[in-house]
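One structure below.
What follows is calculated from the coordinates using simple rules that are stated; it is not laboratory data. Keep in mind it's a predicted model, so treat the numbers as computed, not measured. Cβ atoms come from the backbone with ideal geometry, glycine included; neighbour counts cover every protein chain shown.
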Amino acid sequence: MREGKIKFFRESKGFGFVIDDDTKKEHFVHISGLIDAVKSNERVSFELEKGKRGLMAVKVRLI
């Protein structure tokens, strides 16, 4: 599991981005990849999975 911070999440659009603590890279997160509801600046753990446009965060949960 990786850890990071939600950069932003637009619930109305169903997506956002998470910043990985280790690599500082931003990863797309879709609402279908959430375990918990998230808001901007919240700390999360997540896994990376290959999506249509590259790596995306899945199994995103609050820590």
To make sure I understand, if each residue's beta carbon is the centre and we count other beta carbons within 10 Å, what order do SER12, SER45 fall in, fewest to most?
SER12, SER45
Relative to the compact-globule scaling 2.2 N^0.38 Å, provide the ratio for the alpha-carbon radius of gyration of the chain.
0.94
Which of the trypsin sites (Lys or Arg not before Pro) found in region 8-63 are loop residues per DSSP with 14 or fewer other Cβ atoms within 10 Å of their Cβ?
LYS13, LYS24, LYS25, LYS39, LYS52, ARG53
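Using the Cα centre of the chain as the reference point, and only Cβ charges (+1 on K/R, -1 on D/E), how large is the resulting charge dipole? Debye, rounded to the nearest 20.
I would put it at about 240 debye.
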Just for region 2-62, what percent of DSSP beta bridges are antiparallel, to the closest 5?
90
Cβ density ranking, 10 Å radius, fewest first, applied to ILE6, ILE31 yields ILE31, ILE6
